[in-house]
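Bear in mind these aren't lab numbers, they're just calculated from the coordinates by the rules spelled out. These figures come from a predicted structure and were not determined experimentally. Methodologically, a virtual Cβ is constructed for each residue, glycine included, from the backbone with ideal geometry; neighbour enumeration extends over all protein chains shown.
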Amino acid sequence: MKFAAIWNDDLLSYDFGRGHPLRSERCKTGVEELSKISSLNIVDPRYATEDEIALVHTREYIDMVRKGRAGDLDTPVSKELFDPARLSVGATLRAIELLKEDYRLSVNLCGGWHHAFENKARGLCIFNDVAIGARYAQKLGFRKVFIVDWDVHHGDGTQRIFKGDKSVFTMSIHQHPATQYPYVTGYESENDETNLNVPLLPSESEQEIMKRVLPMIPQFVKPFKPDLMIVQMGVDGHRGDPMSSLDLSDRFYDSISRVVARCAKNNDFPVVLLGGGGFNFPKTAQLWKMIVENFIEEM
C-alpha cells in the first residue's frame, strides 16, 4: 500500500516559542520515527490559499490573523504565524490530494488543529485544518467524511463547524470536559444524528474504556458509509503525558488504531492521519509510529 507523510522543515515555523509545550520540533521527531518504516514516502507540503481557508473560516478572521490581531492569552497569534499556519493547513490538503493519486493512507503530523472556530483562534489552534480538510475533500469528490478524534481534548471547533451538516460525521473520544479543556463542550448531551461525543472519566480503567468505546466505532462508521476518514490521532491522553488525567497505555492506542483501520478496509475508504496533541517525548513519536504501522498493516 502506498503511504506518505507530508513534511519538510518549513513546518517547524508553526511554533509558539522556547519553553512552550507546542513546539513543532515534536512533529519532526515524529517524522524521524516514521522514516523507520520502509514503505514511507516523504512529500513536501504546500501553502493553503486564502480561498481554501475560507471554506471554513470567515474572511474577516483570516484578515485578523494576517495582521496579528486574532489571538488572546490562550492562543497568542502574531502576524509571523500567518504563513506557518497556512503551511500547516496546506500540508493537510496535500495529504488529501494524495488520496486522489493512488494513495490509501497519508499523514500530516503537523496538523489536527481541532479547537479553532470559524472566527476565532482557540487552544493553540489558528486555522482548523481538520474541518478545512473535510470541506476540501468534498470539493475533490469525497462526498461524505467521517472524522474520528481521540485527542485528550474535545474537538470542539470541528463539532461546532459541522453542527447540523449530515455530510460530515464528527466523533470525539476525549477526557471528560468537566475535568479537561475546553470544559464547556464535549458532553454526551450534545450528541445528535452526525455528532458523537464519548467523554472518558479519569476514574475509569483502561479496560472499562476499551470495552465501552471500541465497539462504537464500527457501529457508527458502517451506516454512515463515508467516502473518506480523517483521524485526529492526538496521543496526549497517554498516562505519561503532562496534559492527561487518564490512565491510557500503549495498549489503548494500539487497539483503537487497529479498530479504525479495519473499518477503513472493511468499508473501502482511504484515511488521512493528523498528529494532534502529544507532549511527552520520545513517547509521542513512538506512539504515532505504532499507530501508522497499524494502519499500514490492517488496511
List the residues whose amide H sits under 5 Å from the amide H of K2, counting only those 5 or more places along or on another chain, with H placed 1.01 Å from N in the peptide plane. R104
Among 233-242, 184-193, how do they line up by average Cβ neighbours within 10 Å per residue, starting with the highest? 233-242, 184-193
Looking at [x] 13.3; [y] 16.7; [z] 22.1, which value of mean projected area of the Cα convex hull in nm² comes from a calculation on the structure shown? [x]
Looking only at the chain, where both bridge partners belong to it, what percent of the DSSP beta bridges are antiparallel (to the nearest 5)? 10
So how far, in whole Å, is the C-alpha centre of segment 52-95 from the one of segment 234-299? 26
If I model a spin label as a point 7 Å beyond the Cα along the Cα-Cβ vector, how far apart are those points for Q286 and D83 in nm? 3.7
Run the quick spin-label model on D268 and L12: label points 7 Å from Cα toward the beta carbon, then report their separation in nm to one decimal. 4.4
Spatial extent of segment 12-82: Rg and Dmax, with the Cα atoms as the point set, Å: 15.5, 44
Scan segment 28-93 for trypsin sites (Lys or Arg not before Pro) in coil per DSSP, keeping those whose Cβ has at most 12 other Cβ atoms within 10 Å, and list them by number. K36, K67, R69
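Select from segment 38-106 those GluC sites (Glu not before Pro) which occupy a DSSP coil region and have at most 15 other Cβ atoms within 10 Å, ordered by residue number.
E101
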Using only Cα atoms, what Kirkwood radius does segment 1-155 have, in angstroms? 15.8
Given a 10 angstrom Cα cut-off, can you work out which residue in K225, K144, K283 is the most mobile in a GNM of the chain? K225
If you place +1 on the Cβ of every Lys and Arg and -1 on the Cβ of every Asp and Glu, how big does the dipole about the Cα centre of the chain come out, in debye to the nearest 20? 400
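Which whole-number percent gives the relative contact order of segment 5-156, counting Cα pairs below 8 Å spaced six or more residues apart?
Computed over segment 5-156, the figure is 25 percent.
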What is the sum of charges, Lys and Arg at +1 and Asp and Glu at -1, for the other residues whose Cβ falls under 10 Å from the Cβ of L246? -4
